[in-house]
1. When you look at Ser228, is it within 27 Å of Gly190 (Cα to Cα) and either buried (at least 18 other Cβ atoms within 10 Å of the Cβ) or not β-branched (Val, Ile, Thr) (or both), yes or no?
2. From the list Lys324, Lys295, Lys306, Lys254, which residue is under 27 Å from Met370 (Cβ atoms), open to solvent by 40 Å² or more (accessible area, probe 1.4 Å) and of a type in the set (Lys, Arg)?
3. Would you be able to say whether some residue in region 273-286 is open to solvent by less than 10 Å² (accessible area, probe 1.4 Å), under 27 Å from Lys379 (Cβ atoms) and of a type outside the set (Val, Ile, Thr)?
4. Can you pull out the residues in region 337-361 that are within 23 Å of Asp280 (Cα to Cα), part of a loop (DSSP other than H, G, I, E, B) and hydrophobic (A, V, I, L, M, F, W, C)?
5. Would you pick out the residues in region 125-150 that are open to solvent by 50 Å² or more (accessible area, probe 1.4 Å), touching a residue at least 24 places away in the same chain (Cβ under 8 Å) and more than 20 Å from Phe216 (Cα to Cα)?
6. Would you please name the residue that is nearest to the chain's Cα centre (by Cα), looking only at residues in region 191-223 that are of a type in the set (D, E, K, R) and in a loop (DSSP other than H, G, I, E, B)?
7. Return the residues of region 219-245 that are closer than 16 Å to Phe337 by Cα and free of Cβ contacts under 8 Å to residues at least 40 places away in the same chain; say none if nothing qualifies.
8. Given the conditions (1) open to solvent by less than 30 Å² (accessible area, probe 1.4 Å); (2) in contact with a Pro (Cβ under 9 Å, 6 or more places away or on another chain); (3) farther than 19 Å from Ser265 by Cβ; (4) not hydroxyl-bearing (Ser, Thr, Tyr), which single one is not true for Val114?
Amino acid sequence: MASGKLVALALMALLGCVAGYGSTPSYPPPPSSTPPPAGGYPNPSTPSYPPPPSSAPPSSTPPPAAGYPNPGTPSSPPPSPAAPAPPSPTPPPRAPVLKIGHYRNTCYKAEQIVRDAVKKAVYANRGIGAGLIRLFFHDCFVRGCDASVLLDPTLANAQPEKLGIPNFPSLRGFEVIDAAKAALEKACPGIVSCADIVAFAGRDASVILSNGKVNFNMPSGRYDGRVSIANETLFNLPPPFATLQLLKDMFASKGLSTDEMVTLSGAHTVGISHCSSFSDRLPANASDPSSMDAKLAKSVQRQCNKTGDPTVVQDVVSPSFLDKQYYQNVLKRKVLFNSDAALQSPETINEVRLNARISGRWEKKFKAAMVKMGSIEVKSSATGEIRKQCRFVN
C-alpha cells in the first residue's frame, strides 16, 4: 500500500513538471545568496517565473521577430543628420591702409615726378593750383578718392562725373594730371594710381599757393575706380546755395565734422567762380544781415554783366594765395556764395573768428582735414585698378 502511494506521488510530480508548474514553494523561502533590494521593491536584475500578471489588457499585436521594432507601435523617427550651416557671407574687400611713402620701394621718385608737373603748371598759372585743390575735393566727394572724376565720356558711358553740372565747365587741372601720369608710366609703368596723383597734386598746389605754409605728407596707396556717373555729382557735392544744415549733412555723410567743413571751406580763398554760381545773391539786400557786402556786390555785378557766364575771383583781397583771408572775408560779408555766408551762423561763427585771428591755426587744421578727406571711400585691389591712362579704365 505504501509502495503504491509512493508511485502515485511520483507520477503526479512528473505530470506537474510537464504542465509547466514548478515545485511547491516552501514557507519561509530558503535564504537567497542575493541581498534584497532596498525599499522592498523587487530586484530588477532577477526575473521571476512565471511573470506577474499585467494590469494592461492583452495586446492583439503579435510579438515582433527578434531584433526588429514592433510595426504596430509608433516610434520616434531616426534622427536626421544635422543640416549644414549656411556659408558665412563673404566680407567686403578691406580698404587699403594708406601710408606715407607708399611708393618708396616701388617707385621712389613718384611724388617728386608729380610735384614737378604741378610746379610747372602753377608757376605758369596760379589759377591751376586752385583748380587742382578743387579737383581733389570733387573727386573724393563722389565715390571716394578714386580718380573717377578724371574719366572721359565713352560710347559705354557718355556722361561721366566730369560732365556733371557742378564740374562742367569749371573744373580744371586735368592736363596736369595727364602730364604727371605720362612721366610716371615712363619711370614706373603700372605702379602709381591716378587717384594718388590727384591727391599729391592737391597737396603740392597747396604748398605752392601758401608759400610753403600748408606743407604736409599725403598718405597714398589708393586704387582707381571704374565707375563715373555725372548725375551723382548733384547729390554728393555741396552746392554754392547750400544752407548750414545742408553743408553739415553732406560733410557728415563723408565722415567729416562740422569743424572740418568750416576748415575745408577756407580753400575758397583761391580760385575763381562763374557768376551763375552766386547770381541769387545779386543785387545785395540791405535788409538781410547775411547779404553780400554792398560794395562787393556792385563790383561783381559789373563784371557779371557780360555775355556768357563770366568768372570773378573768389577772394578780392588775396586771390592768388592760400591763406586765412577767407575767414576775414566771411566776417565782413565779402564772400560770393550763400554757402560761405552760412558760416556766419552762431554754430560756426566762433571757428570763423579763431581762424581769422590766430596766425597758423587754420593752416594746421587745413593740413589735417586734407589728409582725412583723402581717405574717403578708398578702393582696394578687388574694387579698383591702377589705370594705364587716367582718362580711361583699363
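The values are calculated or read from the model by the stated rules, or taken from the named source; none is laboratory data. Small disclaimer: the values here were computed from a predicted structure and weren't measured. Here Cβ is always computed from backbone atoms with ideal geometry, including for glycine, and neighbour counts include all displayed protein chains. For the accessible areas, the whole protein counts, side chains as well, though only heavy atoms, and no ligand, DNA or RNA atoms are used. Shrake-Rupley method; radii C 1.70, N 1.55, O 1.52, S 1.80 Å.
1. Considered against the rule, which asks whether it is within 27 Å of Gly190 (Cα to Cα) and either buried (at least 18 other Cβ atoms within 10 Å of the Cβ) or not β-branched (Val, Ile, Thr) (or both), Ser228 comes out as yes.
2. Going through Lys324, Lys295, Lys306, Lys254 in turn, just one is under 27 Å from Met370 (Cβ atoms), open to solvent by 40 Å² or more (accessible area, probe 1.4 Å) and of a type in the set (Lys, Arg): Lys324.
3. no
4. Matches in region 337-361: Phe337 only.
5. Correct list: Arg143 only.
6. So the residue we want is Arg222.
7. Gln245
8. (2)
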